[in-house]
Amino acid sequence: MSTIGVIIGSTRPVRIGPQLADAIAERIAADGAEPEVLDLREIDLPFMNEPRMPALGDYQHDHTKAWAEKVDALDGVVLLTPQYNGGIPAPLKNAIDTVYTEWNDLPTLVVSYGGRGGQMAADALKNVFLVTRADAVEDNVAITLGGDDYGEDGLLVDAEAVVSRFGEDLERGLKELLTKVD
Ligand SMILES: Cc1cc2nc3c(=O)[nH]c(=O)nc-3n(C[C@H](O)[C@H](O)[C@H](O)COP(=O)(O)O)c2cc1C
């Protein structure tokens, strides 16, 4: 069975990334693959502290080696990213930049979210993928959120309902991702 990582790109103390990741993981499982949620807050990579250029693969730190192994073990990945000020969160860019060859040819689906679907964040990743040579699904899934989706605690009232609104797009994206994996 293929293992598909779901990387949570947000690390804020109060965030909706994990709720969306769990709902997406359920759909990956329903499609017959094994989801693995990778929470960048838990993985807690330091910021760019490898002395050598990651593309050389000469990783010095255990945390980098562990991250490289995690990414390398995946058959495909969903990058789940909010849009922050027109781009992706810094910890997600850091996680991408910390290793290199592990991303090459990795089947990748971007699921972005935000007030307008986080499209600017998804577009920013297109340039990144040109260099990391990800085998990316052409169209990202864009989850548009409204104020009513959030409760007073800053979390989604019903993450499953939010993801269901974009269920067709997600299903199309996951199917294409899994075709790349096979
Ligand atoms: C630093 C920051 C910048 C943001 N910038 C944008 C933005 O450019 N466009 C947008 O639609 N929403 C923006 N938002 C709102 C986020 O889409 C919303 O807070 C979302 O819940 C963030 O995901 P998270 O809760 O998983 O961190 C921003 C939020 C933060 C914290």
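The values are calculated or read from the model by the stated rules, or taken from the named source; none is laboratory data. Because the structure is a prediction, the values reported are computed rather than measured. Please note: Cβ atoms are built from the backbone with ideal geometry, for glycine as well, and neighbour counts cover all protein chains shown. These area figures cover heavy atoms from the full protein model, side chains too; ligands, DNA and RNA do not enter into them. Shrake-Rupley method; radii C 1.70, N 1.55, O 1.52, S 1.80 Å.
General observations
- Residue-level analysis places residue 29 among those that are in a helix (DSSP H, G or I) and more than 15 Å from the chain's Cα centre (by Cα).
- Scanning the range 1-27 for residues that are crowded, with 16+ Cβ neighbours inside 10 Å, more than 17 Å from residue 143 (Cα to Cα) and in contact with a strand residue (DSSP E or B) (Cβ under 6 Å, 6 or more places away or on another chain) returns 4, 5.
- Some residue of the range 153-164 being within 10 Å of the ligand (Cβ to nearest atom), touching a strand residue (DSSP E or B) at 6+ places or on another chain (Cβ under 8 Å) and at pLDDT 95 or above: yes
Condition check ((1) away from the ligand (no atom under 16 Å from the Cβ); (2) in contact with a Phe, Trp or Tyr (Cβ under 6 Å, 6 or more places away or on another chain); (3) under 24 Å from residue 133 (Cα atoms); (4) of a type outside the set (S, T, N, Q)) across all residues:
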{"position": "23", "(1), (2), (3), (4)": "no, no, no, yes"}
{"position": "31", "(1), (2), (3), (4)": "yes, no, no, yes"}
{"position": "55", "(1), (2), (3), (4)": "yes, yes, yes, yes"}
{"position": "107", "(1), (2), (3), (4)": "yes, no, yes, yes"}
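- Looking at the range 66-165, the helices (runs of 4 or more DSSP H) lying wholly inside it that each contain 3 or more residues that are out of contact with any Ser or Thr (no Cβ under 6 Å at 6 or more places or on another chain) and open to solvent by less than 20 Å² (accessible area, probe 1.4 Å) sit at 90-98, 159-165.
- The set of residues from the range 33-53 being basic (Lys, Arg) and either farther than 25 Å from residue 99 by Cα or touching a Phe, Trp or Tyr at 6+ places or on another chain (Cβ under 9 Å) (or both) comprises just one member, 52.
- Some residue of the range 89-97 being touching a residue at least 12 places away in the same chain (Cβ under 8 Å), within 13 Å of the ligand (Cβ to nearest atom) and under 26 Å from residue 167 (Cα atoms): yes
- Output for the range 4-18, where each listed residue is within 14 Å of the chain's Cα centre (by Cα) and more than 7 Å from the ligand (Cβ to nearest atom): 4, 5, 6, 7, 8, 9, 11, 18
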